[in-house]
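Worksheet for the structure shown next.
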Amino acid sequence: MRNNLVPLKAEVFVWRVTRRRLPIRVELDKRGIDLNSVRCPLCDDNIESLDHVFIFCKHALDVWERVYKWWGVGSVTNLSIEEAFRGNISGQLSSLGIKLWQSVEWTCAYLIWWNRNQKVFSNKSWEGPNALLEIQLKSYKWISKRLKRKRIDWIDWLTNPSSCGS
Ligand SMILES: [Zn+2]
């Protein structure tokens with residue numbers, strides 16, 4: 001999967017996630033690395049697996065719900081990692097619109113992981129309302145910088161993002 005509207009570091013990140021090559025606790029444990037805990041550092045309710053941290057953790061679900069609501073694209077039920085990164089969307093979108101949506105999904109996952117690390121290494125928590133704004137800002141910044149021959153209005157981006165691809 002490629003997407004030239006996000007920086008290379010985000011593309012590499014998605015590549016690593018979809019090939020399950022992130023230093024997630026349950027994977028480190030399988031390789032015999034001694035950890036204090038294999039539980040999710042965000043919720044402490046479950047084992048930290050890739051699917052958990054990106055999709056099923058209540059913190060991740062809360063963030064995805066906000067992102068889906070912002071785009072008006074239904075709900076996150078039956079979401080999987082592969083599904084979440086593919087840029088699938090219900091409704092009518094132009095090819096640019098689909099690419100914008102995929103960029104948002106990748107930004108969301110990238111920031112989930114970044115904030116998971118903030119929690120692990122600095123004990124900082126990520127709250128839902130801030131999370132959405134951070135995703136909106138970061139994706140806007142990444143996309144605007146890379147989109148040729150089109151300018152996306154910030155207010156449109158916040159209020160009606162799916163119209164920005166038309
Ligand atoms: Zn969790």
With Cα coordinates, the longest principal axis of the chain makes an angle with the long axis of helix 128-146, in degrees rounded to 10, of 60
Ignoring everything except DSSP H segments at least 4 long, calculate the 222 nm mean residue ellipticity for the chain; use -39,500 (n - 2.57) per segment, divide by total residues, nearest 500. -17000 deg cm²/dmol
Calculate how steeply helix 58-71 sits against the longest principal axis of the alpha-carbon atoms of the chain, using the helix alpha-carbon long axis, and give the answer as 0 to 90 degrees to the nearest 10. 0
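Going by average Cβ neighbours within 10 Å, how do the peptides 99-110, 35-46 rank, with the highest at the top? Before the final figure, lay out each step's value.
Numbers: 99-110: 23.8, 35-46: 14.4.
Packing proxy ranking, top to bottom: 99-110, 35-46.
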Cα-based helix-to-principal-axis angle, 95-122 vs the chain, degrees rounded to 10: 30
Cα-based count: Lys pairs in the chain below 18 Å, eight or more positions apart or different chains? 17
Residues R20 and N130, FRET efficiency given R0 of 35 Å [Cβ-Cβ distance, rounded to 0.05]: 0.75
Farthest positive-ward along segment 8-165 dipole, Cα basis, beta-carbon charges - from Q92, W70, F54: Q92
Relative contact order of the chain, please, whole-number percent, based on alpha carbon pairs below 8 angstrom and at least 6 residues apart. 26
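Treating only the Cβ atoms of Lys and Arg (+1) and Asp and Glu (-1) as charged, compute the dipole magnitude of segment 38-166 about its Cα centre; round to the nearest 20 debye.
Working: 17 positive and 13 negative charges, 159 e Å.
Charge dipole of segment 38-166: 760 debye, to the nearest 20.
How would segment 8-165 be classified by its alpha-carbon gyration tensor: rounded, prolate or oblate, with rounded meaning a/c under 1.5 and the a/b versus b/c comparison settling the rest? Could the numbers behind the result be given before it?
Working: a/c = 1.97, a/b = 1.91, b/c = 1.03.
Prolate.
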Using a basic spin-label model with each label point 7 Å from the Cα along Cα→Cβ, how many nm lie between R39 and Q92? 5.0
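List I55, I24 from most exposed to least, where exposure is judged by having the fewest other Cβ atoms within 10 Å.
By the 10 Å Cβ count, ascending, the order reads I55, I24.
Values quoted throughout were computed directly from the atomic coordinates according to the rules given, and no laboratory measurement underlies them. Remember, it's a predicted structure, so these values are computed and weren't measured experimentally. Note that we place each Cβ from the backbone using ideal geometry, even for glycine, and neighbour counts take in every protein chain shown.
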